[in-house]
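Here is the structure we will look at, set down as structure tokens.
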Amino acid sequence: MANGWCRFDHAAILERGRAPDVVPVADIPDAALAPLVAPRPAIAGVAFDRPSIMGILNVTPDSFSDGGRFLAPDAALAQAEAMAAADILDIGGESTRPGAREVPAGEEADRVLPVIRALAGRTISVDTRKADVARAALEAGAALVNDVSGLAYDPRMAETVAASGAPLCLMHSAGTPETMQDDPRYADVVLDVYDALAERIDTALAAGIPRGRIVVDPGIGFGKTAAHNLALLRRIAVFHGLGVAILLGVSRKRFVGTIGGAPEAAARMPGTLAVTLAAVAQGVQMHRVHDVAEVAQGLALWRETGGIDGPLWH
């Protein structure tokens with residue numbers, strides 16, 4: 001799968017209004033098979049022949065799990081040091097939790113830029129919906145733009161990223177943080193999200209961003225109920241059909257606490273790890289998490305025990 005650690009000899013064909021049809025690989029047309037098996041180029045120096053970790057560093061006062069803890073630059077740098085096992089750090093200056101207010105671009109930039117500059121030498125992603133913040137962050141040393149709106153918020157974002165030569169993560173979200181959890185509905189959540197991300201990829205391609213510089217994120221918890229989240233996670237391998245790497249962000253999400261009996265967000269590391277490993281088993285390449293050391297340990301053990309013929313990746 002995508003020249004990674006997973007292998008498959010059958011595939012499920014998903015169509016609206018029909019039960020999945022499981023067929024052998026030999027029956028899959030070459031055009032449909034090609035995006036499933038094509039190698040994914042490295043993004044910001046992060047290779048996708050093994051699972052990678054994106055460490056979450058929120059320099060905000062109101063993020064759902066760690067709001068206010070790392071707002072001061074010294075605290076942010078100490079947390080970055082604690083996440084030494086991360087392949088890339090995702091720095092955000094605007095909370096996108098359900099109900100969060102919008103932060104002006106200048107204020108958001110003032111939060112993230114000092115931290116990005118101070119972390120020279122680390123691989124950095126900037127978590128922003130705003131083209132001006134993205135441009136300033138890339139100039140300060142960020143290597144990737146993680147747009148939770150999937151280019152839907154700022155019409156200048158696509159051209160900004162294209163001109164910079166930086167890679168881009170396109171996340172699916174229904175609505176804005178203020179409204180996204182107000183009774184979200186889908187005809188078929190897996191195929192609806194797939195089709196929406198395919199459209200976002202087309203928008204990025206039209207702006208001059210090559211497919212090899214694009215990552216997609218199905219947006220767990222962003223305009224989805226718990227049932228929607230579970231449906232996406234059970235079928236997350238379908239997103240390999242888009243021909244790009246997949247980023248998954250389930251860390252400490254509410255559904256993890258609901259199912260796992262952990263009402264406090266900080267107590268949801270075990271559930272986060274369980275969902276992460278389930279996604280690794282479906283070939284998901286990058287995992288955005290708060291608890292970097294714990295997830296790195298879990299991946300190290302999964303690598304050694306998840307297969308019958310030795311380590312799953314090298």
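Quick notes
- Of all residues in the range 291-312, those satisfying the criterion of being part of a loop (DSSP other than H, G, I, E, B) and surrounded by fewer than 15 Cβ atoms within 10 Å (Cβ to Cβ) are GLY307, ILE308, ASP309, GLY310, PRO311.
- Matching residues in the range 199-233 - criterion: being on the phi > 0 side of the Ramachandran plot and either at pLDDT 95 or above or surrounded by fewer than 16 Cβ atoms within 10 Å (Cβ to Cβ) (or both): GLY208, GLY219
- Residue list for the range 177-197, filter: surrounded by fewer than 15 Cβ atoms within 10 Å (Cβ to Cβ) and either in contact with a Phe, Trp or Tyr (Cβ under 7 Å, 6 or more places away or on another chain) or not in a loop (DSSP other than H, G, I, E, B) (or both): ASP195
- Test result for THR276, hydroxyl-bearing (Ser, Thr, Tyr), closer than 21 Å to THR96 by Cβ and crowded, with 23+ Cβ neighbours inside 10 Å: yes
- Among the residues of the range 254-290, those that are basic (Lys, Arg) and either at pLDDT below 95 or assigned to a loop (DSSP other than H, G, I, E, B) (or both) comprise ARG254, ARG268.
- Pick from the range 1-54, criterion on the phi > 0 side of the Ramachandran plot and among the small types (Gly, Ala, Ser), ranking: least open to solvent (accessible area, probe 1.4 Å): ALA2
- Close Cβ contacts (under 7 Å, 6 or more residues apart or on different chains) running from residues in the range 187-208 that are closer than 14 Å to THR225 by Cα to residues that are assigned to a helix (DSSP H, G or I) comprise VAL189/HIS228; VAL189/ALA231; VAL189/LEU232; VAL190/ALA231; VAL190/LEU232; VAL190/VAL238; VAL193/LEU232.
The values are calculated or read from the model by the stated rules, or taken from the named source; none is laboratory data. A quick note: this is a predicted structure, and the numbers were derived from the prediction, not measured. Please note: Cβ atoms are built from the backbone with ideal geometry, for glycine as well, and neighbour counts cover all protein chains shown. What goes into the accessible areas is simple: the full protein's heavy atoms, side chains included, and nothing from ligands, DNA or RNA. Shrake-Rupley method; radii C 1.70, N 1.55, O 1.52, S 1.80 Å.
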